[in-house]
Amino acid sequence: MILSGVPTVALIPILSADQIRLLAAVMVPILLLYLFILISEEAFELTGIKISHAFFMTFGALIGSFIDIPLGMIDGVTLAVNVGGCLVPVALSAEILIKRRVSPLPAVLSVAVVTVVSYYFSFPIAGEGILMPFYIAPLVGAVAGILFTRAGPTAGAAAYIGGTMGTLIGADFLNLATPGTIEAIAGGGPAVLSIGGAGVFDGIFLTGILAVFLATLAARRIRRSTKDPEAPRHE
């Protein structure tokens, strides 16, 4: 995310800011309306993601992406965290794990995989930030969530935790911890680096959309299932 002409930590957008805001404004209400009309709350919660979570993963990231909270100075560079791209996914992931809505092992494994892939594909660019193709996090997170839950009902929750936390750790924290990265991004001038910045444009926001979509599919499957009268257990 670029704040007043200075570089921050972000992921490569393909569409313009206005185009993505318009796309999000259309997609998010349709997705949430679909949840309320076709999915019962009881079935949806069996996926590990509550309907309230779906709101925060989408609208929370969208609104919070405009808010950066300064943390301090590092080598002359102001370090900040983005509410929508960092604080919202961290809080949601912690709540999902603490309340055991998804088993820790699939979530941790998903985070590990996305962390490695994100670190590999991300790179610092002077005046731009830490860049990575936006589709890496949601796709790898979704595949990891599906594999590690054995395509279970909590695949969406594992995908969200893996995609968001893996991106923050791999693309942001590990790169920022690498010697010389901050100086390289700043390009010798004053800069504000926002962890999870441009949340509406990067893979973190798209990971939330995809996670809700996976959870919706799982909830539909649970609702339609008539073979097993017992509620599906979390994988």
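The values are calculated or read from the model by the stated rules, or taken from the named source; none is laboratory data. Remember, predicted model here, so these are calculated numbers, not experimental data. In this analysis, Cβ positions are derived from the backbone assuming ideal geometry, glycine residues included, and neighbour counts consider all displayed protein chains.
Quick one: is residue 81 touching a residue at least 60 places away in the same chain (Cβ under 8 Å), over 23 Å from residue 187 (Cβ atoms) and of a type in the set (Val, Ile, Thr)? Taking the combined requirement at face value, the residue does not satisfy it.
Does residue 107 satisfy the criteria of being among the small types (Gly, Ala, Ser), within 21 Å of residue 57 (Cα to Cα) and modelled with pLDDT under 90? The answer is no for residue 107. Of everything listed in (1) out of contact with any helix residue (DSSP H, G or I) (no Cβ under 7 Å at 6 or more places or on another chain); (2) hydroxyl-bearing (Ser, Thr, Tyr); (3) at pLDDT below 90, the single unmet condition for residue 120 is (3). If you go through the range 114-142, how many residues are under 28 Å from residue 219 (Cβ atoms), out of contact with any Ser or Thr (no Cβ under 9 Å at 6 or more places or on another chain) and of a type in the set (Val, Ile, Thr)? Selection size over the range 114-142: 1.
Matching residues to (1) basic (Lys, Arg); (2) under 11 Å from the mean Cα position of the chain (by Cα); (3) within 27 Å of residue 46 (Cα to Cα):
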position	(1), (2), (3)
107	no, no, yes
117	no, no, no
125	no, no, no
160	no, yes, yes
165	no, yes, yes
176	no, no, no
181	no, no, no
203	no, yes, yes
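Give the range 63-76 a look and list any residue that's touching a residue at least 24 places away in the same chain (Cβ under 8 Å) and surrounded by fewer than 21 Cβ atoms within 10 Å (Cβ to Cβ), or say none. 70, 74, 75, 76, listed by residue number.
Restricting the search to helices (runs of 4 or more DSSP H) fully inside the range 118-198 and requiring at least 3 residues that are buried (at least 22 other Cβ atoms within 10 Å of the Cβ) and among the β-branched types (Val, Ile, Thr) gives 155-167. Could you tell me which residue of the range 89-107 is nearest to residue 206 (Cα to Cα), considering only residues that are surrounded by 21 or more Cβ atoms within 10 Å (Cβ to Cβ) and touching a Leu at 6+ places or on another chain (Cβ under 8 Å)? Here the answer is 89.
The C-beta contact set for the range 181-194 (first residue farther than 20 Å from residue 82 by Cβ, second residue small (Gly, Ala, Ser) and at pLDDT below 70, distance under 6 angstrom, 6+ apart or interchain) comprises 187/127. Tell me, yes or no, whether the range 7-30 has at least one residue that is at pLDDT below 75, closer than 17 Å to residue 156 by Cα and surrounded by 21 or more Cβ atoms within 10 Å (Cβ to Cβ). Checking the range 7-30: at least one residue is at pLDDT below 75, closer than 17 Å to residue 156 by Cα and surrounded by 21 or more Cβ atoms within 10 Å (Cβ to Cβ).
Is there a residue being assigned to a helix (DSSP H, G or I), hydrophobic (A, V, I, L, M, F, W, C) and either modelled with pLDDT under 75 or touching a helix residue (DSSP H, G or I) at 6+ places or on another chain (Cβ under 6 Å) (or both) anywhere in the range 63-76? No, that holds for no residue. Among the criteria (1) of a type in the set (D, E, K, R); (2) at pLDDT below 85; (3) crowded, with 23+ Cβ neighbours inside 10 Å, the one residue 221 does not fulfil is (3).
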